[in-house]
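First the structure, in the form of structure tokens, and then the observations on it.
Only the coordinates and a few stated rules stand behind these numbers; no lab work does. All values derive from a computational prediction rather than experimental measurement. FYI the Cβ positions are ideal-geometry reconstructions off the backbone, even for glycines, and counts take in every protein chain you see.
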Amino acid sequence: MMSEEIIKDVIVGEQEDYLINLGPQHPSTHGVLRLEVCLKGETVKYLNPHIGYIHRGIEKMCEALTYQQIIHLTDRMDYLSAHINNEAVSMIVEDALQVEVPERVKYIRTILDELNRIASHQLWWCAFGMDLGALTTFFYGLRDREHILDIFEESFGSRLLHSFVCPGGLMHDVHPNFQKRTKEFIKYFRTKLPEYDQLLTGNIIFQNRSKGIGYMSRETAIGYGVTGPSGRGSGFSCDVRKIAPYGAYDKVRFNEILETEGDVFARYKVRMAEMHESLSIIEQLIDNIPEGDFTAKMKPIIKLPAGEYFRRVETARGELAVYVVSDGNKTPYRMKFRTPNFSNLFVMNEIASGYKIADLIAISGSLDLVIPDIDR
Amino acid sequence: MNSIAQYFTDLFKGLSTLWAGMRVTGKYFFSPGAIVTQQYPENRKTLKMEERFKGEIIMPHDENNLHACTGCGICEINCPNGSIEILTDRVANAEGKLERVIDKHIYHLSMCTFCGLCVKTCPSDALAFGQEFEHAVFDRSKLTKVLNQPGSKIRKEAK
Amino acid sequence: MSSNIYDFSTLTGSIHTWLSGMMSSGWVIFTEMVLVGLIFLLMYALLGLFLVYLERKVCAIMQNRVGPNRVGKWGLLQTIADLIKLLLKELIPIRKSDALLFNLAPFIVIICSFLAMAALPYAKGLQAIDFNIGVFYIMAVSSLSVVGILLAGWASNSKYSLIGAMRSGAQIVSYELSVGLSLLAIVVFSGTMQLSGIIESQANGWWIFKGHIPAFISFVIFLIASTAEINRGPFDLAEAESELTAGFHTEYSGIKFAFFFLAEYMNMFIVAALGATIFLGGWMPFHVGNWEGFNQIMDYIPSVVWFFTKTFFIILIIMWFKWTFPRLRIDQLLTLEWKYLLPISLFNIVLIAFIVLMGWHF
């Protein structure tokens with residue numbers, strides 16, 4: 001809407017513009033994002049995201065590290081889908097060396113991907129509720145997320161940044177209790193999900209706050225490269241798990257959740273449905289993990305053959321693409337991450353202008369931004 | 001007339017959704033058994049970390065003060081952050097040959113990201129993860145640790 | 001009908017006679033005013049601190065947490081520790097702020113809520129001043145606090161504060177109507193604006209039971225509208241921490257912030273006490289028709305206990321609202337008031353007038 005006018009305003013700016021800096025320290029920007037918002041009364045005229053407050057130069061740092069070492073940096077981009085990020089780099093190495101990963105590894109990786117996705121969506125649910133002022137959601141979500149983190153801790157020894165994947169397989173095998181505890185979690189979480197719906201989804205205040213807000217058309221989503229649940233809320237079919245299956249995704253039956261409304265509530269519904277879908281994916285895999293080795297035979301020093309490699313995965317927030325240029329050394333010549341949040345952030349001016357400042361918070365919450373992933 | 005009916009159905013539907021949410025919080029209000037908080041400093045005695053918990057890097061020593069580190073430096077090479085430094089000496093062994101032994105295995109906890117590469121790649125399994133997690137100190141220099149205990153020696157495998 | 005064993009008027013009367021014996025009437029009034037002022041000051045601080053503690057504990061249990069539990073038994077001294085911390089904190093002066101108004105605003109807010117306390121009947125015979133327009137007086141002084149909030153937002157020279165203050169202005173001015181109308185319903189029933197008169201009229205049953213469904217509707221409207229009037233969630237748009245960081249008191253620190261904080265909680269108490277007095281019979285015990293035995297047992301519970309039980313019941317409901325619902329948006333807030341609450345309460349009051357005219361109420 002009225003994009004030309006907005007661009008003009010951004011460039012020119014007016015004397016009487018009521019400019020507000022939302023962030024870098026603000027309760028709802030979930031980190032150090034700064035939004036320069038121009039208000040007209042309560043209505044957002046335009047907004048201008050400023051990024052870079054947590055830029056660490058991960059891409060440049062990767063050029064000095066071996067492929068095994070790069071894994072632990074990818075944890076720190078989108079820390080809520082750390083496992084999925086790890087997997088992306090591992091798979092690019094496996095592709096380049098044409099290593100066949102054992103089936104067991106694929107299964108375990110996929111299960112962990114989905115557990116990680118649920119944990120991420122739970123945290124999003126907590127934070128989204130809190131953005132809208134429902135403070136209790138935060139604690140219910142974290143309470144349930146704790147169960148997943150406990151499973152992670154038992155198997156990998158760390159709860160959030162688990163560099164558990166290594167090129168060729170896994171660092172070590174999962175804990176013997178892994179299957180049992182995961183099944184317990186599925187059972188537990190199935191009883192808690194209806195509570196989420198009662199508390200927030202059905203709530204009339206919440207529905208009024210989210211329906212018809214922050215409309216993003218399918219064209220806008222494609223144009224800005226908005227992927228993941230945010231894009232799928234606009235009917236943009238962009239699930240990498242479906243388009244280019246990796247891991248054990250070709251062995252399970254699951255639906256790609258698509259909503260066509262394109263508003264905040266549609267994005268909300270996509271994520272809530274994805275939690276159900278992830279549970280069913282785990283259920284299909286958890287009993288069928290094949291026996292076998294937890295890693296393929298890899299050389300201690302990995303050198304990718306000279307050339308360019310590209311791989312994409314579906315993180316909890318969208319499509320993460322990794323692009324590596326190798327000159328045959330043990331460190332990459334150039335490493336590029338196409339992180340989902342970067343694209344998801346910049347659509348905000350398009351979809352948030354014209355709405356109220358309270359809606360702006362809801363919209364930024366519905367895009368589920370993780371700031372370190374934007375800045376890298 | 002229709003719009004009036006719509007007005008009231010909207011009103012009552014809205015109220016019922018609000019009541020559904022209040023039932024959830026109300027249920028938890030009257031069930032204090034659902035409290036999940038752990039009382040941390042009090043439960044210190046009973047608190048048990050998972051056996052694989054990555055608290056810090058340790059070098060296990062046996063009862064004779066022997067460790068398994070040969071001082072090869074593979075952990076130092078593999079560490080992405082430079083948090084391991086190894087100082088080695090050359091000491092003459094029983095047969096009079098010079099042999100590399102570890103002088104100090106220095107571990108900078110302040111730089112460690114717990115990626116686990118050193119533990120995984122150690123050829124002689126000399127390193128492990130410790131369960132200690134209370135690392136807060138008042139002086140940064142205390143975070144630099146020497147992992148091999150004073151006077152410890154390398155364990156010779158029985159042949 | 002209710003027994004006089006817990007009547008405080010004998011106590012206050014004997015203090016008055018004792019003082020009159022010692023000094024001239026002018027000094028008696030002065031001494032009594034000082035005494036009452038001190039008692040209220042103490043009560044204000046203690047109740048405010050206890051309410052903060054209660055809120056933290058209630059929300060903690062609702063959220064599966066333990067809440068404050070370190071300072072004192074069950075964390076009872078936590079809020080006192082917090083108060084000491086706030087007293088010791090630096091008062092940060094804001095550059096280019098209007099210093100006079102900036103410093104004045106917290107006092108306006110706290111004085112408004114303090115004024116309202118005077119007219120509340122805490123027990124039988126325990127009321128500082130019994131205006132014949134008590135309901136009107138409380139309404140008037142409690143709505144004055146918006147002036148303080150507006151001044152705080154304006155004088156802070158902060159954009160967040162200004163938005164918060166403007167929201168608060170729009171909100172309080174419109175919800176004042178519904179609060180007034182819902183209270184008016186009971187005024188119509190009881191035929192008086194005097195709080196003691198309203199309580200006396202409930203000797204044979206509380207208005208929420210006697211007044212049929214219209215009284216219940218006005219009770220619900222009162223709960224919603226007064227929650228909005230005291231700027232609490234889900235209507236806490238003036239603070240809206242996720243949008244405006246802290247709204248109108250973003251720039252305040254130390255004890256000036258504590259004043260806003262305390263006033264917010266005491267406003268909640270005042271609103272709850274008013275609701276308890278008007279709808280739930282104030283300090284009147286719970287009586288059921290002809291069950292003489294039951295009624296006598298109820299009479300043995302002191303009237304102070306009745307008053308505070310009912311008040312805290314309403315406070316708990318208001319807290320329950322806050323910790324369950326998401327926040328409304330400013331236009332939805334006004335829609336709720338002007339499209340739902342106000343028409344319903346207007347219709348309700350006509351209905352009540354009709355009921356009273358026909359003499360259908362008990």
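For a footprinting-style exposure proxy, rank A:Ile148, C:Ile129 by other Cβ within 10 Å, fewest first. Kindly include the intermediate steps, with their values, before the conclusion.
Values: A:Ile148 22, C:Ile129 10.
Least to most surrounded, the residues fall as C:Ile129, A:Ile148.
Could you work out the per residue convex hull volume over the alpha carbons of the protein assembly as shown, in cubic angstrom?
On the way: hull volume 202.9 nm³, N = 897.
For the protein assembly as shown, the hull spanned by Cα atoms encloses 226 Å³ per residue.
Could you point to the residue in A:His72, A:Ala248, A:Phe294 farthest towards the positive end of chain A's charge dipole, with +1 and -1 charges on the Cβ of Lys/Arg and Asp/Glu respectively?
So the residue furthest toward the plus end is A:Phe294.
I want to verify a result. In a Gaussian network model of chain C, Cα cutoff 10 Å, which of these has the top mean-square fluctuation: C:Thr245, C:Thr277, C:Thr192?
C:Thr245
Using a Gaussian network model on chain A with a 10 Å cutoff between Cα atoms, which of A:Glu283, A:Glu291, A:Glu114 fluctuates the most?
A:Glu291
Expressed as a fraction of 2.2 N^0.38 Å, the rule-of-thumb size for a compact globular protein of N residues, what is the C-alpha radius of gyration of chain B? Walk me through the numbers before you get to the answer.
Details: Rg = 28.7 Å, N = 159, 2.2 N^0.38 = 15.1 Å.
In units of the 2.2 N^0.38 Å rule of thumb, it is 1.90.
Provide the net charge surrounding B:Asn78, with neighbours chosen by a C-beta distance below 15 Å and charges set as Lys +1, Arg +1, Asp -1, Glu -1.
Working: positive: A:Lys299, A:Lys330, B:Lys120; negative: B:Glu76, B:Glu85, B:Asp125.
Around B:Asn78, the charge tally is 0.
Tally Lys/Arg at +1 and Asp/Glu at -1 over every other residue whose Cβ is under 12 Å from the Cβ of A:Pro49; what's the total? Don't skip to the end; give the middle numbers.
Working: positive: A:Arg34; negative: A:Glu36, A:Glu350, A:Asp375.
That sum, taken over residues with Cβ under 12 Å, equals -2.
Which FRET efficiency value, to the nearest 0.05, is calculated for A:Ile243 and B:Lys156 with the Förster distance at 41 angstrom and r the Cβ-Cβ distance? Could you put the intermediate results ahead of the total?
Details: r = 57 Å, r/R0 = 1.39.
Rounded to the nearest 0.05, the efficiency is 0.10.
Could you please report the charge total around C:Glu251, scoring K, R as +1 and D, E as -1 over all other residues with beta-carbon less than 14 angstrom from its beta-carbon? Can you show the working numbers first?
Values: positive: C:Lys89, C:Arg95, C:Lys96, C:Lys159, C:Lys256; negative: C:Glu90, C:Asp98, C:Glu239.
Counting the neighbours of C:Glu251, the net charge comes to +2.
Quote to one decimal, in nm, the extra length available between A:Lys180 and A:Asn288 on full extension: 0.36 nm per residue of separation minus the C-alpha distance between them. The partial results should precede the final answer.
Numbers: separation 108, 0.36 × 108 = 38.88 nm, distance 1.28 nm.
Additional length available on full extension: 37.6 nm.
Can you tell me how the range C:9-88 classifies by the Cα gyration tensor, rounded, prolate or oblate, using a/c under 1.5 as the rounded cut? If you can, show how the numbers build up before the last one.
Details: a/c = 4.43, a/b = 2.88, b/c = 1.54.
Note, shape of the range C:9-88 comes out prolate.
Give me the distance in nm between label points sitting 7 Å out from Cα along the Cα-to-Cβ direction at B:Asp62 and C:Leu100, one decimal.
8.6
Is it possible to state the helix-based mean residue ellipticity at 222 nm for chain C, with each DSSP H run of 4+ residues giving -39500 (n - 2.57), the sum divided by total residues, to the nearest 500 deg cm²/dmol? What is it? Let's see the in-between values first.
On the way: 15 runs with 248 residues, N = 362.
Here the helix-only value at 222 nm equals -23000 deg cm²/dmol.
What whole-number distance in Å separates the alpha-carbon centres of the range C:212-285 and the range C:153-211?
10
My understanding is that a pair violates if its Cα-Cα distance is over 30 Å; which of A:Lys183/A:Lys242; A:Lys211/B:Lys27; A:Lys303/B:Lys142; A:Lys299/B:Lys97; C:Lys73/C:Lys310 do that in this structure? Spell out each step's value before the answer.
Numbers: A:Lys183/A:Lys242 25 Å; A:Lys211/B:Lys27 28 Å; A:Lys303/B:Lys142 38 Å; A:Lys299/B:Lys97 32 Å; C:Lys73/C:Lys310 26 Å.
The pairs that break the limit, which is 30 Å between Cα atoms, are A:Lys303/B:Lys142; A:Lys299/B:Lys97.
Just how large is the dipole of chain A about the Cα centre, in debye to the nearest 20, putting +1 at every Lys and Arg Cβ and -1 at every Asp and Glu Cβ? Walk me through the intermediate numbers first.
Numbers: 43 positive and 51 negative charges, 114 e Å.
The calculated dipole for chain A is roughly 540 debye.
Please give the charge dipole size of chain B, origin at the Cα centre, charges +1 on K and R Cβ atoms and -1 on D and E Cβ atoms. Round to the nearest 20 debye. It would help to have the intermediate numbers written out before the result.
On the way: 20 positive and 18 negative charges, 65 e Å.
Approximately 320 debye in magnitude.
Output the Cα-based Rg and Dmax of chain A in Å, rounding Rg to one decimal and Dmax to a whole number.
Rg, Dmax (Cα atoms, Å): 20.8, 69.
Taking 28 Å as the cut-off for C-alpha to C-alpha distance, list the pairs among B:Lys48/C:Lys322; B:Lys45/B:Lys153; A:Lys187/B:Lys48; A:Lys40/A:Lys269; B:Lys54/B:Lys104 that go past it.
Details: B:Lys48/C:Lys322 37 Å; B:Lys45/B:Lys153 33 Å; A:Lys187/B:Lys48 25 Å; A:Lys40/A:Lys269 31 Å; B:Lys54/B:Lys104 22 Å.
The answer is B:Lys48/C:Lys322; B:Lys45/B:Lys153; A:Lys40/A:Lys269.
Put a dot 7 Å past each Cα toward the Cβ at B:Arg140 and C:Val288; how far apart are the dots in nm?
7.2
Place +1 on the Cβ of every Lys and Arg and -1 on the Cβ of every Asp and Glu in the protein assembly as shown, take the dipole about the Cα centre, and give the residue among C:Ile213, C:Ile199, C:Trp18 whose Cα lies farthest towards its positive end.
Result: C:Trp18.
Taking a spot 7 Å from the Cα of A:Lys303 along the direction of its beta carbon, which residues of the range A:326-361 have an amide N less than 13 Å from it?
A:327-332
Just to be sure I follow the definition: excluding the sites themselves, where is the longest run in chain B that has none of the chymotrypsin sites (Phe, Trp or Tyr not before Pro) in a DSSP loop with at most 12 other Cβ atoms within 10 Å? Walk me through the numbers on the way to the answer.
Numbers: sites that count: B:Phe30, B:Phe133, B:Phe138.
Between the exposed loop sites, the longest stretch runs B:31-132.
Could you name the aspartates and glutamates whose alpha carbon sits less than 16 Å from that of A:Lys192, not counting residues in the same chain fewer than 8 places away?
Output for A:Lys192: A:Asp144, A:Glu146, A:Glu184, A:Glu274, A:Glu277.
Rounded if a/c is under 1.5, else prolate if a/b is larger than b/c, else oblate: which is the range A:171-275, with a ≥ b ≥ c the root eigenvalues of its Cα gyration tensor?
On the way: a/c = 3.09, a/b = 1.32, b/c = 2.34.
Oblate is the answer for the range A:171-275, as a/c is 1.5 or above yet b/c matches or exceeds a/b.
Tell me the mean residue ellipticity at 222 nm calculated for chain A from its helices only (DSSP H runs of n ≥ 4, each -39500 (n - 2.57), averaged over every residue, nearest 500). Walk me through the numbers before you get to the answer.
On the way: 16 runs with 181 residues, N = 376.
Rounded to the nearest 500, it is -14500 deg cm²/dmol.
Go through the range C:1-105 and name the trypsin sites (Lys or Arg not before Pro) that are in a DSSP coil and have 15 or fewer other Cβ atoms within 10 Å of their Cβ. The partial results should precede the final answer.
Numbers: sites: C:Arg56, C:Lys57, C:Arg65, C:Arg70, C:Lys73, C:Lys85, C:Lys89, C:Arg95, C:Lys96; in loops: C:Arg65, C:Arg70, C:Lys89, C:Arg95, C:Lys96.
Listed in order of number, the matching sites are C:Arg70, C:Lys89, C:Arg95, C:Lys96.
DSSP H helices in chain A with Cα extent of 20 Å or more along the helix axis and mean Kyte-Doolittle hydropathy at least -1.0?
Details: long enough: A:82-97 (23 Å, 0.44); A:103-131 (41 Å, -0.23); A:136-156 (30 Å, -0.28); A:178-196 (26 Å, -1.26); A:264-286 (33 Å, 0.29).
Correct list, ordered by number: A:82-97, A:103-131, A:136-156, A:264-286.
Suppose each label sits 7 Å from its Cα in the direction of the beta carbon; what would the B:Lys120-A:His50 distance come out to in nanometres?
Spacing of the two 7 Å Cα→Cβ label points: 4.0 nm.
With springs connecting C-alpha atoms under 10 Å apart, model chain A as a Gaussian network and identify which of A:Gly214, A:Gly41, A:Gly23 has the largest mean-square fluctuation.
Maximum fluctuation in the GNM of chain A, among the listed residues, is at A:Gly41.
Normalized C-alpha radius of gyration of chain C, against 2.2 N^0.38 Å?
Details: Rg = 21.3 Å, N = 362, 2.2 N^0.38 = 20.6 Å.
The value comes to 1.03.
So for the range C:245-354, taking the charge dipole from beta-carbon charges (+1 Lys/Arg, -1 Asp/Glu), which of C:Gly247, C:Gln296, C:Leu280 sits furthest toward the positive end?
About the Cα centre, the residue reaching furthest to the positive side is C:Gly247.
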